[in-house]
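A quick write-up on the structure given underneath.
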Amino acid sequence: MSSRPVHELITELSQVLVQLSEKVVENLFKAINAVKYRDEQSARQIKIIDYEIDRAEVNLEQRCLEFLALQQPVAKDLRTIITIIKINDDLERIGDLAVHIVDRMPEISPEMLELFSLEEMGMNAAKMVKNSIEAFISRDRALADQVCALDEEVDVNHRFVFKKVTSLMKSPDSNVEQLIAALSISRYIERMADHASRIAHEVIYLVTGDIARHKGGLYEKLIESLKD
């Protein structure tokens, strides 16, 4: 690895990350459709692909650590490798959440998915993941900001599901098992969106050098208060 130009090695590691992201996004789409159509064969395939994603994540992390040890990069090269490592971890977690969704398939009906608009919510999360990786590829700060903005929309959807489930559970003839499954899937999707937002924040870090995930939050307010 050390005999090749640094920029070639970074490009190769970036390409591996993009290939991993494509598998993750595809598995997420498949997970939503598998539950919608109660497709057990697809559910089994999703779990097989997730195993491949897990192995690819470990392999990419090892390659990045080897790069750090042998090349000792600085400045933007160092930021790029750190960003790849962090995005790699988020993608693996998103892949795990897709499996959690299909694990809920026996407990929820397609009608319940429609009632809570979970398919639309899942598609938004998948769009966030896809766009966050596109932002990484193109170093697009504006697109990364759009991903972060969409995260709030998914959070609003999740809060709506929570309130609706809580309300419906008060009915004596409610199907508690299905309602809990719907809430769980909503939570899995919301967590996927959080990971996509984290990827977008890492892209902002890569482009600007600023750690953006605390901007405008409680951390920044605390720092400002300590200055007074």
Subset of region 1-46 (residues that are farther than 30 Å from Val74 by Cβ, exposed (fewer than 15 other Cβ atoms within 10 Å of the Cβ) and among the basic types (Lys, Arg)): Arg38, Arg44
When restricted to Lys36, Lys76, the only residue part of a helix (DSSP H, G or I), modelled with pLDDT under 95 and farther than 30 Å from Leu115 by Cβ is Lys76
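Have a look at Lys23, Lys30, Lys47, Lys36 and point out the one that is under 24 Å from Asn124 (Cβ atoms), touching a Pro at 6+ places or on another chain (Cβ under 7 Å) and touching a residue at least 24 places away in the same chain (Cβ under 8 Å).
Values: Lys23 fails: touching a Pro at 6+ places or on another chain (Cβ under 7 Å); Lys30 fails: touching a Pro at 6+ places or on another chain (Cβ under 7 Å); Lys47 fails: touching a Pro at 6+ places or on another chain (Cβ under 7 Å).
Residue meeting the stated conditions: Lys36.
Across region 178-203, what is the number of residues that are among the hydrophobic types (A, V, I, L, M, F, W, C) and in contact with a Cys (Cβ under 8 Å, 6 or more places away or on another chain)?
Here is the first cut: in region 178-203, the ones among the hydrophobic types (A, V, I, L, M, F, W, C) are 179-183, 185, 189, 192-193, 196, 199-200, 203.
Still in the list and also in contact with a Cys (Cβ under 8 Å, 6 or more places away or on another chain): 200.
Of the residues in that region, 1 qualify.
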Enumeration of residues in region 166-180 that are among the acidic types (Asp, Glu), out of contact with any helix residue (DSSP H, G or I) (no Cβ under 7 Å at 6 or more places or on another chain) and closer than 19 Å to Val102 by Cα: none
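Condition check ((1) among the hydrophobic types (A, V, I, L, M, F, W, C); (2) closer than 20 Å to Ile108 by Cβ; (3) at pLDDT below 90) across all residues:
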position	(1), (2), (3)
Ala182	yes, yes, no
Ser186	no, yes, no
Ala196	yes, no, no
Thr208	no, no, yes
His214	no, no, yes
Tyr219	no, no, yes
Lys227	no, no, yes
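Take Gln19 and tell me if it is at pLDDT 95 or above, more than 25 Å from Met105 (Cβ to Cβ) and in a helix (DSSP H, G or I).
Numbers: at pLDDT 95 or above: yes; more than 25 Å from Met105 (Cβ to Cβ): yes; in a helix (DSSP H, G or I): yes.
Criteria met by Gln19.
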In this structure, is Ser184 free of Cβ contacts under 8 Å to residues at least 12 places away in the same chain and hydroxyl-bearing (Ser, Thr, Tyr)? no
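Among the residues of region 121-177, count how many are within 25 Å of Ile87 (Cα to Cα) and touching a residue at least 12 places away in the same chain (Cβ under 8 Å). Don't jump to the end; show me each part of the working.
Of the residues in region 121-177, the ones within 25 Å of Ile87 (Cα to Cα) are 121-158.
Among the residues that remain, those that are also touching a residue at least 12 places away in the same chain (Cβ under 8 Å) are: 121-133, 135-137, 139-141, 143-148, 150-151, 153-155, 157-158.
Qualifying residue count for the region: 32.
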With the condition being open to solvent by less than 50 Å² (accessible area, probe 1.4 Å) and hydroxyl-bearing (Ser, Thr, Tyr), I'd like the helices (runs of 4 or more DSSP H) fully within region 88-197 carrying at least 1 qualifying residues. 118-138
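The rows are residues; the columns are (1) basic (Lys, Arg); (2) more than 14 Å from the chain's Cα centre (by Cα); (3) on the phi < 0 side of the Ramachandran plot.
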site: Glu22; (1), (2), (3): no, no, yes
site: Val25; (1), (2), (3): no, no, yes
site: Ala43; (1), (2), (3): no, yes, yes
site: Lys47; (1), (2), (3): yes, yes, yes
site: Glu52; (1), (2), (3): no, yes, yes
site: Ala56; (1), (2), (3): no, yes, yes
site: Glu61; (1), (2), (3): no, yes, yes
site: Phe67; (1), (2), (3): no, yes, yes
site: Leu70; (1), (2), (3): no, yes, yes
Just to be sure, is Ile82 over 16 Å from the mean Cα position of the chain (by Cα), open to solvent by less than 60 Å² (accessible area, probe 1.4 Å) and within 23 Å of Val203 (Cα to Cα)? yes
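The values are calculated or read from the model by the stated rules, or taken from the named source; none is laboratory data. Here the structure is a predicted model, which is why all the values come from computation and not from measurement. When we count neighbours, we look across all protein chains shown, and the Cβ atoms used for this are built from the backbone with ideal geometry, even at glycine. Remember, those area values only see protein heavy atoms, side chains included, never the ligands or the DNA or RNA. Shrake-Rupley method; radii C 1.70, N 1.55, O 1.52, S 1.80 Å.
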